[in-house]
Every structure is written in structure tokens, then in C-alpha cells.
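Worksheet: the structure to be examined is printed underneath.
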Amino acid sequence: MCAKMYRLMARVYLFGSDVKRALLSVEPLKLDEDPYVRKTAAICVAKLYDISPELVEDRGFIDQLRKLLADSNPMVVANAVAALAEIRDNSRSPNSVFCLDSNTVHKLLAALNECTEWGQVFILDSLSSYTAQDERDAESVIERVAPRVQHANCAVVLSAVKVIIGQLETIRNPETVRVLVQKLAPPLVTLLSAEAEIQYVALRNINLVIQRYPEILRNDIKVFFCKYNDPIFVKQEKLETMVKLAAEQNIEQILLEFKEYATEVDVDFVRKAVRAIGRCAISIERAAERCISVLLELIGTKVNYVVQEAIVVIKDIFRRYPNQYEGVIGTLCDSLDTLDEPEAKASMVWIIGEYAERINNAEELLEAFLDTFLEEAPEVQLQLLTAAVKLFLKKPSNGPQMLIQTVLNQATTETDDPDLRDRAYIYWRLLSSDPEAAKQVVLASKPMIRDDRNSLDAGLLQELLFQLSTLSSVYYKLPSAFVPRVHAIATFAEDGDDEYPRATTVGKRPETVIESVAKLDVMGTLAVPNFPSTVAAEKSTSGDLLADLMGGTDISAPSSALPGPYAANPVLNVMDLGIVSQSLSGVGGTYLGNSGSVGTTTGAVQFSILLPADKGAGLEISGAVLRGPDSIPMYNLIFTNRTQTLLDGFQLQFNKNAFRLAPLRQPQLATPIAPGESRCCQLPLSYSGQSDVFPSSGSTNAVSSMLQVAVKSPHQNQSVFYFNDQVPLESVLVPTPCMDARAFLQQWRSIPDTLERSQHLQVSLVMSQSPEAAGHALCNAANFVLVSQRPLPGTNQTAMYLSGMVPLGPQPHKEWLLLEIIFFPGVQSVKVALRTPVPGLANLVFLAVQRLLQ
């Protein structure tokens, strides 16, 4: 019965009080005498952590899972390992959840032999992250795991191989490493006798292993020969594996096999086989001549696509070994009339131009292409242009002069391709002004092409070897590149004593998560009074019409107290768009455009209608809070008169808000607003108001950016109108001193790992591919300070670190915001990690960063 309940809890998504009841029911059952109940409860804890990580940690379930690692039942141990591994992957402090030491490893190894096959996979995957203390410890782990490579389940075999390869990094004796590596050959070969899909996965993993240990399967090359009934995806992987294993001692076998493949009916596979011959020639110098002989035999078959692919390959061989195999050019020229593919044509033209001085009829061969110059593909046109220039420089006779003149005229006057036209003009200018300089440019020595067999970066290869038997080893990408994990901040309930989160989002695609975050109540659970839209206020005899109306303070400040340009000209006429644009552009870099939006350095911030005319008895108010000069928040308001009388004398008052915002003065209009007219006013704000937030370190309650405003107009029967606005976090960040990397690291470590929040954000293409542009936007449009920017070791990713500070709670309280932003090449999103003593700010920070990087 207990086990059934756990299975149900592990499958059903729980909310609110359901989580509380589930947690209370699990705790006493974790020490149940029945191992079936214990192993099911372990998986249940992982599911509960997915819903409410903080509460699972508070209840001590993770500690109890660690205790289960020493359980007498191997299945309980396996499920505990699986649960801890999943929790570790989702945790913001993984090392504190599941960190292996020698005692734990020996417990897992003891349970390994008695587990089911999938239990063994869980344990082996966890063991792959263990770093041995010394060589003896590493050899001991390998000895205990080695029998698993003989298992019938392919997943167990690959997981065991992953553990062994990981432990080999600790062993320094080359002979010991060689002996241990050779023990991996038979099980890897055995995997190729399974179903086609398993063969494909095994081949992808094998290709990673042989890049690190190329000798492991070099003597077993025959097992990778393609069979007649192999699917095409298996054949292609076997072809790639054979290229990687090619060496002087087995090249004859491989070339005979490739030659056989070049006669098959699958055109794509034939092309890959021909290219594989060329790759072998480029990577093994002593085999280059034999490879060219095989390619010439294939050209002799007169099969069109084989001939064209062979010419492309021979061009690459010429680049790898210049001035060594030019004797085959005559054979290639005999096949000139059969070429109809752009890449083959471009390769042949390159060969003619590169060896023009050795080809007697080079001019005639190039003229054959000129008849269709304008119809050729761009790559062929570019090669024809360059080849004609090479021919002229090498044989400056009358014939090549006419040829080059014809090509230059066509390339500059009869084509629309800017690349072709620009190159033609450059050649023309070089030839007419300084032929010797043209020789140095066009006939310069070219860089030698490299062996591309082991194309993976060494750091990436090392990371992928630790991901054997996972999708990473199939995609050749790190998990973060295709499975971004996103932790959305939970929204906490306020009804009754239900203190548990309603929902959380983990591991969704970036697009889905952003959409879901947009639907969350990101402004928190601030108690908002249900204001009437129109309230008739009693007449007041004091100067402040709104004194304590919202529980605030007197905000009647003299104009002389305003900073900078605001004291001199507080009112702007929004109907005169030219004047407004000029005035606002000189104040903090903001402007009001014809679209009714405020522009900033990062884009346009739309004015939203805060008080509709039907709710304001004819008074319509639009506005937005932006950052002004000297980092002073500015409330940009547009008052529109849709009544039949003049309006002026407005007074505003703010309710308590998270950032202590209060107006420095009341709106001042030089003239009343006539019916149908609008006025734009920039209202400077200060941090002198009252706060409704009393942050405590570690509080996860969402901080609200809501700003509640009351406005009163004496010409509307002394009515008071209420509206709500949202304050963008970027507008209220206060200036902070520059922080060096050491101080940033100390501040980062002073904030517990449990307070870290991270999220993947979709940003603009420019920002995602240019960390410099993103850093410029964040520092210029907000008060973030760039601390450091560096590439992440072993990856092609870039990390940027920034700091900021936001006023929060009672004066003069401020909170640090520490950001780590990771940029992924080719991905239009960034990963933002935030550490702050008040993680309830996370949603506001993520929204602000996303706005600034759009």
C-alpha cells in the first residue's frame, strides 16, 4: 500500500497543500522495513524535489537518501543513487547534494553486482564522476567495474566503459594504460553485432574513444566493414570510423574497401567513400600516392558523379602536397567536358589556374568556361576570375591578355554579385598599377590544409568522454547546448498557513519557459487594495490635497530642490513632437517619438495607458518609469484632457512600494491643458518614500514592482483617481563602485548556493552573439557594472560577470545583485545566474536583463 502511494506521488504533479501533505506522509515511511517501499520512496523524493526543492532540503530528505546508499538491499541503493543524481542535476549547489568519496564508492561497487541492469547503469553513471585519490585507487575501481563490460545490456557496457576511461586519466604509467585500454576492445566490437540503432549509438561512442585512444581498435578494422544490409546511417558511421583508424599498416585493406563502396548504387554514400579516400591521403603522407592511384582508377570508370567527386578530392590533395602529383593533371583535363556540378567545376578551374605554367593549353581550357561565364554558379565565377589572373601573371602573352580583359569586363559590368564585382575591381587595379604586387598577392603561397580526422577540440573531447552512453555522445554536443535547464521562481501562496510553492518549472525549452514566466505573477503577492476608479474626496483646507490619503507622506517639494534641468523646465508640450523629442533627448538620453513611446539606448519603451479616460472622468494618463540623468529615476507622464474643461493643478501621491520611490515634486504645468490636448511631464523620483518590503536574507517571497498612485485634479470636483504601474528594475538600480574580480568572487561566495537562481533567456541575435554589445547595453541602460569577461575553458562559450545594487526595504537598505551571463555561439539565448541575498528579486532581474538584451 505504501509503495503504491509513493508511485502515485512520483507520477502526479502536486500543488500547494498537496505538497505539504505528501512531505508529511513520506517522512515516517522512509525507514520502512520493506525494501520495496524504501526504493519507491527514494524515487518519490526526487519527484518532490522537482516540485519544491527548498522544502525537501528543509525536511532532511536528501540526508536520508545519502543514508540509503548504505542500505542492505542493492535496489534501494540503486534508486537512492538515481534520486540523488537527478537532484544533483537540478540543484544550484550540486556538490553539496551528491559528492562521492572512497567510502561511498566502495559501497556502490559492493551493490553493483546484485542490481538489475538499469540499477547498474545508475550506479555506473554516478561512479563516472568519481576522481580517484591515486593510481592504486583508480586501478581498484577499474578492476571492480571491468566485469560489467561483458554484460549483455549495451547500456551497462557503455556506462562501464565510461567509468574505466574516466579512471584512466589518473593512471600515469603508459604500459598500464595500454593494457587496460586493450581490454575495452572486445566489448566495443561486440556492440556492433546488435540491432542497427544500437550499432549507430555504439559507433558514435567508439568514434569518441578512438580519438582519445587511436590504437584501441586499429587491429580490428575488419569489423567496421560495411555489410550489404546495413542501413545507410550505420554505413556512414562505419566509414567515418575507418577513416579515423586508418594507418600505414591497414591502409591497403581500407582503400580496397572504399574502392568497393564507390561502385554502390547509393550516390551519397559513394560520394562519401570517394571523399574518405582523399581524407586518408591527406592524413597519411606515405599512402597519398596509393590513394591517388585508386582515385584515377575511379575516374577511369567514367561514372559522372564519381569522376566529379574524385576531382574535388584531388584538388585537396594538391593543396596538401603541392608540386608532387601534377602528373595526373592530364587525366583530369580529359574529363573536363563531363563536369556539371559547381564544386567540381570550381576545383578543376583552380587546378588549371594553379598549374597554368605546366598545362600547355591552359588558355583554351579556361576559354571553354567563358562561354557560360554569366550562367555559372558564383563559386565557379570566382575561381574563373582568379584562374584567369594567375594565367596572365604566369604567361603574360597576347592570348591571356585578351582572356583576362574579357573576364574582367564581364565580372565588373554584367554581373550583380558584389563579391565577384569587388574582386574583379581589385584585380584590375592591381594589374594596371603594380603587376609585381599583384603577383605577390595572387601567387602567394597558400596555407597547407590539415588532417580533419580528429576535428573535435581537445577540451570538448574530454568533456564528451565523460558523457559516453548519453545523448551528448551521439550529438557531439555538451548537454547545456541542447537541454538547457531553466529554474523558474516559485510563486508562494498567501492564503492561510499554506507556505508551500504553487508551482515551479524546471528543464523546459527556453521558448516555453519564457512564455510560462510571462504568465507568472512576477509582481509578487503585495496586498493591493481594491480601489474604486473614481472616488469623491472631501475638500481639504490644507495645501496638500492628498495628505496621508494613501498612508504616505507630504510630497510637496519646492521646485528649487530639483536637480539639473528639471527645476528650470518641468513641463513639455507633447503635441509639439519636435520640441518634445529635442527636450527629452537632452535629458538622460530619452526621447518621445511619434509612436508614443519613450526611446532608450536599448530600444523603445512603450507608454502604457495607466488611467483610461472612462475611469478618470475624462482624464487620461499614460506613462513609464525610466532611468534619467545622474541615474535618477524619472516618471514620464502624459496627461490627456478628454473633458470639455481646462485641467491643471494635478497632485500625485505614491503608496508604499518596494523601492521607496516618491516624487521629488508635484507636476507643474505652465498652462492648463485644453480639451483634446496633451502634456508630457518628466517627474523626478527619489528613494525617500516608505517601503512595503522588509527583506530578510534568504527570503524567497517574490518582490513586487507595483507602484500604486493616487492623482487628484481640482477641476474635476476634487475627485481622486487611482492607478497601478510597474517599475522596471533597470530604472531603479543605484550607482555602485567598481568591483574587481577578487571582490566579486568574495561577495559571490558570501551568498549561499541555495540563494542562486538561473534561467535561460531569449535575446536578440546581435546580443546573443556579441558579449561586448550585451555588456554595453547592460551597463549603459542600467547601473550594472561589468566586473569581468572570459571564455569558459574547454568550451566555445563566454561568461560575463556584472554587479548591481537596488534600493529595497527601509532606508538606507540596499541589496547586491551579482550576475553571471553565459553566451552560447549559434544559440539565440543566454543563461543568466543570479546571486542576491533576496532571491525574490530574481524574476524582476531576469525580466530586466531580457528587456535590455532584446
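The values are calculated or read from the model by the stated rules, or taken from the named source; none is laboratory data. Remember, it's a predicted structure, so these values are computed and weren't measured experimentally. Note that each Cβ is placed from the backbone with ideal geometry, even for glycine, and that neighbours are counted across all protein chains shown. With ligands, DNA and RNA removed, areas are computed over all heavy atoms of the protein, side chains included. Shrake-Rupley method; radii C 1.70, N 1.55, O 1.52, S 1.80 Å.
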| query | Once you have the alpha carbon radius of gyration of the range 728-854, what is it after dividing by 2.2 N^0.38 Å, with N set to its residue count? | reply | 0.99
| remark: Rg from C-alpha atoms of the range 184-246, normalised by the globular rule of thumb 2.2 N^0.38 Å, equals 0.98
| query | When only C-alpha pairs under 8 Å and at least 6 residues apart count, what is the relative contact order of the range 625-667, in percent? | reply | 24
| remark: Contour minus Cα-Cα span, Ala368 to Ile449, at 0.36 nm per residue, comes to 26.2 nm
| task | Could you tally the net charge around Pro378, taking each other residue with its Cβ under 9 Å from the Cβ of Pro378, Lys/Arg +1 and Asp/Glu -1? | result | -4
| Once both labels are modelled 7 Å past Cα along the beta-carbon direction, what's the Asp101-Asn173 spacing in nm? | 2.8
| said: Take Ser480 and Ile198, extend 7 Å from each Cα along the Cα→Cβ direction, and tell me the distance between the two endpoints in nm. | reply: 3.4
| query | What's the local net charge at Met448, with K and R +1, D and E -1, over the other residues with C-beta under 12 Å away? | reply | +1
| remark: Taking Rh as the Kirkwood radius computed over alpha-carbon pairs of the range 47-98 and applying Stokes-Einstein at 20 °C with viscosity 1.002 mPa s, one gets a diffusion coefficient in µm² s⁻¹ of 194
| Accessible surface, the range 185-224, averaged per residue in Å² (probe 1.4 Å) | 40
| Rule-of-thumb check for the range 308-450: C-alpha Rg over 2.2 N^0.38 Å? | 0.99
| Quick one, what does Rg over Rh come out to for the range 90-192 if you take C-alpha atoms and the Kirkwood Rh? | 0.97
| said: Given a 1.4 angstrom probe, what's the average accessible area per residue across the range 310-392, in square angstrom? | reply: 39
| request: Roll a 1.4 Å probe over the protein chains and send me the accessible area per residue for the range 668-792 in Å². | output: 41
| field | Net charge contributed by nearby residues that have their C-beta within less than 12 Å of Ser608 (K/R +1, D/E -1) | value | -2
| query | Share of the range 237-296's accessible area from carbon and sulfur, percent, 1.4 Å? | reply | 45
| query | How much of the accessible area of the range 790-843, in percent, comes from carbon and sulfur atoms when a 1.4 Å probe is used? | reply | 56
| query | Shape call for the range 708-755 from the C-alpha gyration tensor, a ≥ b ≥ c root eigenvalues: rounded (a/c under 1.5), prolate (a/b greater than b/c) or oblate? | reply | prolate
| task | Give the carbon-plus-sulfur fraction of the accessible surface of the range 398-447 in %, rounded to a whole number; probe 1.4 Å, heavy atoms of protein chains only. | result | 49
| query | Which of the pairs Lys222/Lys446; Lys244/Lys394; Lys67/Lys477; Lys227/Lys272; Lys238/Lys345; Lys272/Lys446 have their Cα atoms more than 28 Å apart in this structure? | reply | Lys222/Lys446; Lys244/Lys394; Lys67/Lys477; Lys238/Lys345
| query | Taking 1 over the mean of 1/r across every pair of different Cα atoms in the range 204-332, what Kirkwood radius in Å do you get? | reply | 14.9
| query | Across every pair of different alpha-carbon atoms, what Kirkwood hydrodynamic radius in Å does the range 644-753 reach? | reply | 17.3
| query | If eta is 0.692 mPa s and T is 37 °C, what Stokes-Einstein diffusion coefficient results for the range 157-268, Kirkwood Rh from Cα pairs, in µm²/s? | reply | 220
| said: At a 10 angstrom cut-off on C-beta neighbours, averaged per residue, how do the peptides 441-449, 771-779, 229-237 rank from highest to lowest? | reply: 771-779, 229-237, 441-449
| remark: Here the range 431-447 yields Karplus 3J(HN,Hα) values (6.51, -1.76, 1.60; θ = phi - 60°; whole Hz; Gly and Pro given as x) of 5, 7, 9, 8, x, 5, 5, 4, 4, 5, 7, 7, 9, 5, 5, 9, x
| remark: Given the candidates Phe392, Leu408, Pro378, the one whose Cα lies deepest towards the positive end of the charge dipole of the range 354-443, counting +1 at each Lys or Arg C-beta and -1 at each Asp or Glu C-beta, is Phe392
